[in-house]
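J.: Mind having a look at this structure? Questions to follow.
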Amino acid sequence: MDVLKSQYEMIQRTRESLFRYCETFSKTDYVKEVEALGGDSIRSLQAHVADCYRVWLGSRALGKSLPKIKPESIDNVQEMREIFKKTDALVHEFLSEFKNKWDPTVQASWQSDSVELTELWLFTHTTTHEFHHRGQMLKMGRQLGYIPPKMNLAKLKRFH
């Protein structure tokens with residue numbers, strides 16, 4: 001079993017539950033800035049999460065030139081799903097390229113310095129970042145009047 005790919009599959013299924021929750025919002029509420037949580041919208045936080053994967057895994061690790069995602073260019077949850085399909089492809093490319101490279105292999109800029117990072121650090125950083133913001137999005141949705149369903153990490157599918 002490729003542990004990191006399996007872990008990412010759980011993250012994708014968990015993200016799907018967030019997308020389904022967001023589809024219950026009015027279009028106005030999906031893009032509404034919530035002052036109590038820094039003035040971000042759920043849409044802008046989802047775009048920020050996708051950008052984190054793109055910057056750390058795409059630009060810094062794979063050396064790709066990727067434009068920043070502009071939240072205002074995304075009108076609805078379905079368009080955000082499309083952004084994440086591209087993000088998923090990027091994550092899978094990263095996991096294939098750096099499979100089992102546990103020693104520092106990636107030179108990256110970090111707080112005005114350059115550091116060597118491992119596949120595991122890069123992957124962990126981006127996935128924990130997503131879950132941090134997921135919690136914020138759930139709190140924002142609740143403040144907008146949408147009660148979230150149970151949102152635990154999806155279980156790993158078993159293949160027999």
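We did not get these values from a lab; they are worked out from the coordinates using the rules stated. Keep in mind it's a predicted model, so treat the numbers as computed, not measured. Cβ atoms come from the backbone with ideal geometry, glycine included; neighbour counts cover every protein chain shown.
J.: Got a sec? How would 118, 28, 126 order by Cβ neighbour count within 10 Å, fewest to most?
T.: Least to most surrounded, the residues fall as 28, 118, 126.
J.: Just rank 49, 34, fewest to most, by other beta-carbon atoms within 10 angstrom.
T.: 34, 49
J.: Please go through the residue pairs 27/139; 64/139; 27/64 and name each one whose alpha carbons sit more than 24 Å apart in this structure.
T.: In this structure, 64/139; 27/64 exceed 24 Å between Cα atoms.
J.: Could I ask something else about it? Arrange 128, 24 by Cβ neighbour counts within 10 Å, fewest through most, would you?
T.: 128, 24
J.: On to the next question. Residues of the stretch 23-39 with amide nitrogen under 15 Å from the 7 Å Cα-to-Cβ point of residue 79?
T.: 27-32
J.: As an exercise, use a Förster radius of 22 Å and the Cβ-Cβ distance of residue 66 and residue 20 to find the FRET efficiency, rounded to the nearest 0.05.
T.: So the FRET efficiency works out to roughly 0.20.
J.: If you don't mind, another one. Between residue 10 and residue 144, what is the label-point separation in nm under the 7 Å Cα-to-beta-carbon projection?
T.: It works out to 2.8 nm between the two label points.
J.: Starting from the Cα of residue 125, step 7 Å along the direction of its Cβ; do the same at residue 99; then give the gap between the two resulting points in nm.
T.: Once both label points are built, they end up 2.4 nm from each other.
J.: Work out how much length residue 3 to residue 27 would gain on full extension: take 0.36 nm times their residue separation and subtract the Cα-Cα distance, in nm to one decimal.
T.: Gain on extension, residue 3 to residue 27, equals 4.9 nm.
J.: Near the amide H of residue 40, under 5 Å away, which other amide H atoms are found, from residues 5 or more places off or on another chain, if H is placed in the peptide plane?
T.: Those qualifying (amide H under 5 Å, at least 5 residues apart or on another chain) are 34.
J.: When Lys and Arg each count +1 and Asp and Glu each count -1, what net charge do the other residues less than 11 Å away from residue 83, Cβ to Cβ, add up to?
T.: Surrounding charge for residue 83 is +2.
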